[in-house]
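Reading through the structure tokens given below for one structure.
The values are calculated or read from the model by the stated rules, or taken from the named source; none is laboratory data. Model, not experiment: these values are computed from the prediction. Here the Cβ positions follow ideal geometry from the backbone for every residue, glycine too, while neighbour counts run over all protein chains shown. The protein model used for the area step is the full one, side chains on, heavy atoms only, and it has no ligands, DNA or RNA in it. Shrake-Rupley method; radii C 1.70, N 1.55, O 1.52, S 1.80 Å.
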Amino acid sequence: MPATPLLAAAVIACTAPQVHDGDTLRCGPDRIRLYGVDAPEVKRGRTPAEPFAYQARDLLVGLTRGRVGCRVVAHDRYGRHVARCWSDATPDINAALIRSGLTTEYRRYSKGAYAKAQDEARLARRGVWAPGAPPRPSR
């Protein structure tokens, strides 16, 4: 969904946001889905967690311990802000997660914006790209 000019200028900032999973956080009342990041799903009800789900979530917690800022690029079908974020720990939280290999690029939406970060993780055989790592469900 294309962002309107006013929406594209929106910045959300907070300190130590709540982290839901490896690609979703909450800054106060604002729910934020990280643009271009596809994290494994954590356990929901009787559905077990996907491999690396909790490691991805823990990495996001570590990357968002200090001040966090997010530039909104769109809204998703659940009403969440979709954003590119930065923090005291890294200038690009989205790329850092993908570079770790614990998440992958959600190319359906990012159109290759994080291809370099994903290639780096794949070539270094990190996370989901490691030999013997369980396959991720295709999305």
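For the stretch 11-123, with only Lys/Arg (+1) and Asp/Glu (-1) charged at the beta-carbon, what is the dipole magnitude about the Cα centre, in debye rounded to 20?
Working: 19 positive and 13 negative charges, 61 e Å.
Computed charge dipole of the stretch 11-123: roughly 300 debye.
Spelling out what I want: for every residue of the stretch 105-117, take phi, set θ = phi - 60°, compute 6.51 cos²θ - 1.76 cosθ + 1.60 (Karplus), and round to whole Hz; glycine and proline get x.
Those phi angles translate into 6, 8, 4, 4, 9, 7, 6, x, 4, 10, 4, 5, 5 Hz.
Name the most mobile residue of 17, 51, 29, meaning the one with the largest mean-square fluctuation, in a Gaussian network model of the chain with Cα contacts below 10 Å.
So, out of 17, 51, 29, the one fluctuating most is 29.
With a 1.4 Å probe and all protein chains left in place, how much accessible area per residue does the chain have, in Å²? Don't skip to the end; give the middle numbers.
Numbers: 7770 Å² over 139 residues.
So the chain comes to 56 Å² accessible per residue, rounded to a whole number.
Taking amide hydrogens as modeled 1.01 Å from N in the peptide plane, which residues meet the under 5 Å criterion relative to residue 75, leaving out close sequence neighbours?
The list, which skips near neighbours in sequence, is 82.
Anyone know which of 103, 15, 24 comes out most mobile in the 10 Å Cα GNM of the chain?
For the chain, modelled as a Gaussian network with Cα springs under 10 Å, the answer is 15.
Note the full-extension length gain between residue 46 and residue 76 as 0.36 nm times their separation in residues minus their Cα-Cα distance, in nm to one decimal.
Values: separation 30, 0.36 × 30 = 10.80 nm, distance 2.53 nm.
Answer, rounded to one decimal: 8.3 nm.
Before anything else, pin down the relative contact order of the stretch 11-123: Cα pairs under 8 Å, at least 6 apart, normalised by residue count, whole percent. Show your work: numbers first, answer last.
Working: 241 pairs, mean separation 30.4, N = 113.
Reported relative contact order: 27 percent.
What whole-number distance in Å separates the alpha-carbon centres of the stretch 62-89 and the stretch 98-139?
Between the Cα centres of the stretch 62-89 and the stretch 98-139 lies a distance of 19 Å.
What's the whole-number percent of alpha carbon pairs in the chain lying beyond 27 angstrom?
Numbers: 1537 of 9591 pairs.
Tail of P(r) above 27 Å: 16 percent of Cα pairs.
How much length, in nm to one decimal, is gained on full extension between residue 88 and residue 116, taken as 0.36 nm per residue of separation minus their Cα-Cα distance? Write out the running numbers ahead of the final one.
Details: separation 28, 0.36 × 28 = 10.08 nm, distance 2.22 nm.
Between residue 88 and residue 116, full extension yields an extra 7.9 nm.
Under the rule of -39500 (n - 2.57) per DSSP H run of 4 or more residues, summed and divided by the residues of the chain, what mean residue ellipticity at 222 nm is obtained, to the nearest 500 deg cm²/dmol?
Details: 5 runs with 37 residues, N = 139.
It lands at -7000 deg cm²/dmol.
Nearest-5 percent of antiparallel DSSP beta bridges in the stretch 1-124?
The antiparallel fraction comes to roughly 90 percent.
Could you work out the Rg to Rh ratio of the stretch 80-139, with Rh taken as the Kirkwood radius (inverse of the mean 1/r over all Cα pairs)?
Details: Rg = 12.0 Å, Rh = 12.2 Å.
With Rh from the inverse mean 1/r over Cα pairs, Rg/Rh is 0.98.
Most fluctuating residue of 100, 110, 87 in a GNM of the chain with Cα springs under 10 Å: which is it?
110
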